[in-house]
Every structure is written in structure tokens, then in C-alpha cells.
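Novice: Provided herewith is a single structure, encoded as C-alpha cells, for subsequent inquiry.
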Amino acid sequence: MRYGLDFVRDIAQTDVITSAVWSLSVLSGTDPTPNSHLIGPPALATPTGTTRQTATVQRIGGLLGDVLYTVSAVVGTAEGDTVELFTHIQGITRE
């Protein structure tokens with residue numbers, strides 16, 4: 001599955017994202033290698049309806065059931081700023 005974070009409200013109005021690094025950590029439950037669920041490199045994105053590159057997307061798969069993950073993305077911008085956003089993703093068990 002592909003996940004995305006948009007930094008449009010967190011960077012200057014004239015700035016754009018030039019790099020992104022994603023990471024996964026465990027908030028609750030057990031997963032000894034959470035970053036192994038990041039599939040490939042992150043991509044930079046220009047959201048629909050805009051001309052500014054303010055978002056980043058990352059494929060994530062194989063999350064373990066009953067584990068709550070913190071997903072964070074740290075981006076660099078053309079104006080030299082570094083900004084981080086995070087969210088939580090709950091792994092589910094499929095029967």
C-alpha cells in the first residue's frame with residue numbers, strides 16, 4: 001500500500017520538497033525490524049490541483065497484526081529547511 005504525507009502547511013509558501021527519508025518504529029506491540037516494511041525508496045509528489053512539490057509517498061507492506069507503528073517522514077526543502085511529520089498505522093491480522 002502507498003502512504004503519503006503532504007507538508008504544504010509546514011513549509012514556506014514558495015518552498016518545495018527536494019528530499020525525503022521515511023522510517024517506521026513500533027509504538028506498541030512487537031516487531032523486531034519495523035523498517036523492513038518500507039518497500040523501495042520514497043517518492044516526491046505534487047498533489048492534484050497544485051504546481052508545488054509538497055508531498056512525499058512511500059510504499060509500506062507486510063505490517064504485523066496487533067502492532068501499532070509510528071510512521072515518520074523527514075523532508076529537506078529547496079530553501080534549506082528540514083521538517084518532520086508523522087502518523088500512526090495499525091497492523092491488522094487477516095484470517
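Novice: Two decimals, Cα atoms only, Kirkwood Rh: what is Rg/Rh over region 1-49?
Specialist: Ratio of gyration radius to Kirkwood radius for region 1-49: 1.05.
Novice: If amide hydrogens are placed 1.01 Å from N in the peptide plane, which non-local residues have theirs closer than 5 Å to the one on V26?
Specialist: T70
Novice: At each listed q (0.23, 0.27, 0.28 Å⁻¹), what is the log10 of I(q)/I(0) that the Debye formula gives for region 39-95 modelled as equal alpha-carbon point scatterers?
Specialist: -1.02, -1.17, -1.21
Novice: PRE reach from T14 (point 7 Å along Cα→Cβ): which of region 48-83 fall under 16 Å by backbone N?
Specialist: 52-53, 77-81
Novice: Still on this structure, please answer the following. Can you give the relative contact order of the chain as a percent, counting alpha carbon pairs under 8 Å and 6+ residues apart?
Specialist: The value is 35 percent.
Novice: Rounded to whole Hz and in sequence order, give me ³J(HN,Hα) for region 60-65 from the Karplus expression 6.51 cos²θ - 1.76 cosθ + 1.60, θ = phi - 60°, writing x for Gly and Pro.
Specialist: Those phi angles translate into 9, x, x, 5, 7, x Hz.
Novice: Another question, if that's okay. Go from 0 up to the bin containing the longest alpha carbon distance in the chain, width 5 Å each, and give me the % of pairs per bin.
Specialist: 3, 14, 25, 20, 16, 11, 8, 4, 1, 0
Novice: What's the longest bit of the chain with no exposed trypsin sites (Lys or Arg not before Pro), using DSSP loop states and at most 10 other Cβ atoms within 10 Å as the test?
Specialist: 10-93
Novice: Right, another one. Mind giving me the nanometre distance, one decimal, between the label points for L68 and S28, set 7 Å out from Cα along Cα→Cβ?
Specialist: 0.4 nm
Bear in mind these aren't lab numbers, they're just calculated from the coordinates by the rules spelled out. Computed from a predicted model, the values in this text were never measured in an experiment. All Cβ positions, glycine included, derive from the backbone under ideal geometry; neighbour counts span all protein chains shown.
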